[in-house]
Amino acid sequence: MHRYLYLPLIAATGLAAMTASAQTQHQHAGDAPACTGTGLTCSRVATPAFGRDGVLWLTWAAGGKVMVAHSDDLARNFSPPVAITKQSVRIDNGPDARPKIAVGADGQVAVTYAVFQDDKYNGRAYLSRSTDGGASFTEPAPITADTTSQRFETAAFGPGGDLFVAWLDKRDAAAARAEGKNYPGAALAYAWAGASEKSEPGATKIAEDQTCECCRLAVAFAGPRQPIVAFRNIFDGKTRDHAVVTFADPATPGPLYRVSNDEWKTNVCPHQGPSLAVAESTYHIAWFTNGQARRGVFYARSQDGGAHFSDPMPLGAGHRPERPFVLARGKQVWLTWKEFDGDKTSVVLLHSADAGANWGTPQLCAITRGGSDHPILVNDGDRVFLSWLTREEGYRLIPVGEPS
Amino acid sequence: MTRFLLCLAIVFSATAAQAGELRPFGKGSWQELKQLHAGRPAIVHFWGLTCGPCLTELPQWGKFASDAGVDLVMVAADPVPEPAPSLLATLAKARLDHTEAWVFADPYTERLEYEIDPDWRGELPLTVLLGRNGSTESVLGTTDFAQLRNWTQSQTRP
C-alpha cells in the first residue's frame, strides 16, 4: 500500500527525549498560544549539531529566549537548558529562520540568531560563543555594526577553526532606495571571526547583491578558509533560482554559478532556501522551486566546484514535498524531506553510496499528524541521524544508517 | 433543505462581515468558507503582516473592495499568527475593516495549505478565485487588479 519501506531502525523513536509535557497544550484555532515557557516543547524549531566528542548540542527559541542544551546519550537525557538571551527578545520566527548552532573541532560552540528590531520585520543578528563546554556563553553581540537589517545568519567553523558568518543584509537595498533606485531582495554579506572566543566578527563585506531576502542560506567549505555559500539568488531582477559561490580565499568570493534554470519568476517570498553538503570535492544541493521550468523539490550535484550541476532529480514527486536537507560523508550521501498527503506529514529518506550518482528507494523515516519543524540530518562521525521536532511527539533523534 | 442551507449561509456571512472581527481559520475552515459563499463569485486573498509585497498592495485591495461587486475575503496566513490587534489595525488602515477577515490559527499549517490548494507551500500573497459555478483558480504572487476586474466582470455579467 505504501510505496516507502519503513527503516529498520524506526523503533529507535524510543530515543525521543523531552516529549510533550505539561508545558505543552494543544492549541485550538483561535486560542491564544498556550505555550509560554522556554522549554523545547514550546518551540517550533530545534537545531542540532554534534561535537567531535559525540555530544549532541541543541538550540531552540521559546518564551522569547534562545535556549541551548546538550546530551551525552543521543538525546535520551539533556543538560539543564541555558538561556543565551537574558532579556526576552522578539525572535525572528520566519518559516525559514531558526537559531543555529555550530561546534568547532576544539569543542567551541557558536550560537547565532536574529531578532525583529521593529514592526517592519527588520532583523538584527547576534552571535554568542562558549569555550567551556557550554557552561557559559558570551553576551550575544551583533554580527555587524550596521543596523539596517540582517536575517538568516549562518555561522560555520572552517576546517582551520575560524568562524565564518554569512547573512542576508539590507544595507545596500536601503542605500539604493535612498537614491531612488530599484533594488530587489537583499545582499549576501559575510564576516570572519577568529578561532578565539574573544574575537568578534571582523569587518562586514558584501559577496553578492540582490539575492532573495527571505530564504535560509547553506554553508560548507572547499578548504580551511574557503567557504561555499548556497542561496536563492535573484537573476535579472525577478527570477528567484538557486546559486552557489565558492570563496577563492577568505576575502574573495568566487564567481556566482547558477544551480539550475528553474525560471521561478516571482515577487512572492518563497521562504524556502537550499541545503548544501560538500564531500570529496562533490557539491550536493537540494532545493524547492515553483518555477516555470520545474516545480517541486530537487537534488543536483557538481564535481567541478559548482560550475556545472547535474540535471535536477525530482524528490517526492506528487506528495507535496518540501524542506529538503542533504548530508554527505565521503561517498555516502543522505537526502531527506517532508511530505504531506492530506492526513499526515512524513519524513522520507534517500541514500546514495556513490557520491550521488545512484540512489536507493525512498524510505519512510518518521510521521506526525501535527505541526513540525523542518527535518534536519546530523552526523556523529559516521553515524547519521534525523533530528526532528514535532508538536505531537516532541524531539526525536532517529538513526538513519551507517555506511557499510 | 436547500433553502434552509442558504439561509444559514447568509446568517454566517453576515456574522463574518462584522467590522473588527477575525475568524480563526483552522482545519475544515476552507470548506466552511467556500460554503458561505457558494453560488456567488468570491475572491479570497491570503496575505500576511510578514509579507512585504502583501503590505505594499494592501491599499489597492482596500480600493478594490469598495466597488468589487463580488464577495471579498481576507485571510491572514502568516505561518506564525501575528497579534490580532496588529492585523486589524493594518486592515483598517487599508480600508478593509468591513471586509470578511480570517486568520490562520492552527500550527499544522501544511494541512491548512493543502486544503486550500495541494500545490501551495504557503508562499504569499495568494489569491483564490471562487467562481459562481464552483470553479477554483489560484493566483500566486502580487495582484494584477485589471485582470481581477476582468474576472469579476465575467462572473457578474448576467
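Read-outs: derived from the displayed coordinates by stated rules, not from any lab. It should be emphasised that the depicted structure is a prediction, and the values quoted were computed from it without experimental measurement. FYI the Cβ positions are ideal-geometry reconstructions off the backbone, even for glycines, and counts take in every protein chain you see.
Only helical runs count toward this figure. For chain B, summing -39,500 (n - 2.57) over DSSP H runs of n ≥ 4 and dividing by all residues gives -13000 deg cm²/dmol at 222 nm. Summed over qualifying helices (DSSP H, 4 residues or more, each -39500 (n - 2.57)) and divided by its residue number, chain A shows a 222 nm mean residue ellipticity of -500 deg cm²/dmol.
Would you please classify the overall shape of the protein assembly as shown from the alpha carbon gyration tensor, given that a ≥ b ≥ c denote the square roots of the eigenvalues, rounded means a/c under 1.5, and beyond that prolate means a/b larger than b/c while oblate covers the rest? Prolate, because a/c is 1.5 or more and a/b exceeds b/c. Here the gap between A:D236 and A:S199, fully extended at 0.36 nm per residue and compared with their Cα-Cα distance, gives a gain of 9.5 nm. In percent, rounded to a whole number, the relative contact order of segment B:2-156 is 32, using alpha-carbon pairs under 8 Å and six or more apart. At full extension, B:Q31 and B:V80 could sit 15.5 nm farther apart than now, given 0.36 nm per residue minus the alpha carbon distance. As a calculated quantity, the FRET efficiency between B:A38 and B:F145 at R0 = 25 Å, using C-beta atoms, amounts to about 0.50. Taking 30 Å as the straight-line reach from the Cα of A:K338, the lysines in range (excluding those fewer than 8 positions away in the same chain) are A:K65, A:K100, A:K238, A:K265, B:K27, B:K34.
Computed over the Cα atoms of segment A:135-287, pair by distinct pair, the Kirkwood hydrodynamic radius stands at 16.0 angstrom.
Between A:D106 and A:W359, take the C-beta separation as r, use R0 = 41 Å, and let me know the FRET efficiency to the nearest 0.05. So, using R0 = 41 Å, E works out to roughly 0.70. One decimal place: the segment A:E139-A:A174 gains 9.7 nm when fully extended, by the rule 0.36 nm per residue minus the C-alpha distance. Fewest neighbouring Cβ atoms within 10 Å first, the residues A:L168, B:L88, B:L124 line up as B:L88, B:L124, A:L168.
By other beta-carbon atoms within 10 Å, ranking A:D311, A:D169, B:D97, A:D118 with the fewest at the front produces A:D311, A:D118, B:D97, A:D169. Here the residues B:D67, A:D73, A:D262, ranked from fewest to most Cβ neighbours within 10 Å of their Cβ, fall in the order B:D67, A:D73, A:D262. Shown is the FRET efficiency for A:I206 and A:N77, computed with R0 = 41 Å from the Cβ-Cβ distance and rounded to the nearest 0.05: 0.40. Computed from backbone phi with θ = phi - 60° and the Karplus coefficients 6.51, -1.76 and 1.60, the 3J(HN,Hα) list for segment A:280-294 is 6, 6, 9, 8, 10, 9, 10, 7, 10, 9, 10, x, 6, 7, 7 Hz; x is used for glycine and proline.
Phi angles across segment A:68-77 convert, under the Karplus curve 6.51 cos²θ - 1.76 cosθ + 1.60 with θ = phi - 60°, into 3J(HN,Hα) values of 9, 9, 9, 9, 8, 10, 6, 6, 6, 10 Hz, Gly and Pro given as x. Mean separation of Cα pairs under 8 Å and 6 or more residues apart, divided by the residue count, gives segment A:132-281 a relative contact order of 18 percent.
The distance separating the Cα centre of segment A:193-239 from that of segment A:243-291 comes to 11 Å.
Segment B:50-70 and segment A:308-375 have Cα centres spaced 38 Å apart. Dividing the mean sequence gap of close Cα pairs (under 8 Å, 6+ apart) by how many residues segment A:287-397 holds gives a relative contact order of 16 percent.
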